[in-house]
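The values are calculated or read from the model by the stated rules, or taken from the named source; none is laboratory data. Keep in mind that what you see is a predicted model, and the values were worked out from it rather than measured. Positions of Cβ are generated from backbone atoms using ideal geometry, with glycine treated the same way; all protein chains shown enter the neighbour counts. Please note that ligands, DNA and RNA were not included when accessible areas were found on the heavy atoms of the full protein model with its side chains. Shrake-Rupley method; radii C 1.70, N 1.55, O 1.52, S 1.80 Å.
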Amino acid sequence: MTQITPTSLPDVLILTPRRFGDARGWFCETWNRTTLAAAGCDLPDFVQDNHSFSALPGTLRGLHYQRPPHAQAKLVRCSRGAIWDVAVDARRGSPCYGQWVGVELSADNGQQLFVPAGFLHGFITRTPDCEVQYKCSDIYAPACDGAVRWDSLGIDWGTRAPILSAKDSAAPAFADFTTPFSYDG
């Protein structure tokens, strides 16, 4: 059974699938809708799987979002290496607006982070040759793609000089961001 742990932000969850091991290694079920629903965790339907590779430690991807009508919830895991994974509440009217939570996800700990739609998401690699896989609740839609500057929320990424894409380097600060998301209560 998958262990479900709440975080300091409502709706952001840490999922830790149970591993079954023997002398050969281990096996785990990383996603099972029926099992999670039986445990009281009703996640959205996922329609797209993504897989990223980052060669160097200190590679930062984020803070990203996709605006409606293609807003995405994500279930993120690190299948090789280790990352610091961050979710930021970007829902206008939320009592947690602008607050963030960070979790280490690694191939060793097997943990996954559920990031609901309406949250910014980003991660920084802690080890070389990191692979990150995540399920998305909507397809990638370039016209809905957006980013917020990584260093505009006081998040301790562990470095002041991460490796960034051009998109992430040019992203606006959170203070200049007009959120397309609203809090439903």
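Structure notes:
- Reference-scaled alpha-carbon Rg (2.2 N^0.38 Å with N residues) for the stretch 20-62: 1.72
- With Rh defined as the Kirkwood radius, the inverse of the mean 1/r over Cα pairs, the Rg/Rh of the stretch 1-111 is 0.96.
- At q = 0.11, 0.12, 0.20 Å⁻¹, base-10 log of I(q)/I(0) for the stretch 105-185 (Debye sum, equal scatterers on each alpha carbon): -0.38, -0.45, -1.27
- Label-point gap, in nm, between residue 129 and residue 19 - each point 7 angstrom along Cα→Cβ: 1.8
- Along the axis of the charge dipole computed for the chain (Cβ charges of +1 for Lys and Arg, -1 for Asp and Glu, origin at the Cα centre), the listed residues 162, 86, 65 are led at the positive end by 162.
- Relative contact order of the stretch 78-179: 30 percent, from C-alpha pairs under 8 Å at least 6 residues apart in sequence.
- For the stretch 69-124, Kirkwood radius (reciprocal of mean inverse C-alpha pair distance, Å): 11.8
- FRET efficiency, 1/(1 + (r/R0)^6) with R0 30 Å, evaluated for residue 97 and residue 159 via beta carbons: 0.70
- Reported to the nearest whole Å, the Cα centre-to-centre distance from the stretch 110-133 to the stretch 40-97 is 6.
- Once the chain from residue 104 to residue 173 is taken as fully extended at 0.36 nm per residue, the excess over their C-alpha distance is 22.4 nm.
- Over the chain: helical MRE at 222 nm, DSSP H runs n ≥ 4 each giving -39500 (n - 2.57), nearest 500: -1000 deg cm²/dmol
- Taking only alpha carbon atoms, the chain gives an Rg to Rh ratio of 0.95, where Rh is the Kirkwood radius.
- Only Cα pairs under 8 Å and 6+ residues apart enter the sum, and on that basis the relative contact order of the chain stands at 29 percent.
- Taking label positions 7 Å along the Cα-Cβ direction at both residue 29 and residue 141, the computed distance is 3.2 nm, reported to one decimal.
- Solvent-accessible area of residue 22 with every protein chain in place, 1.4 Å probe, in Å² to the nearest 10: 80
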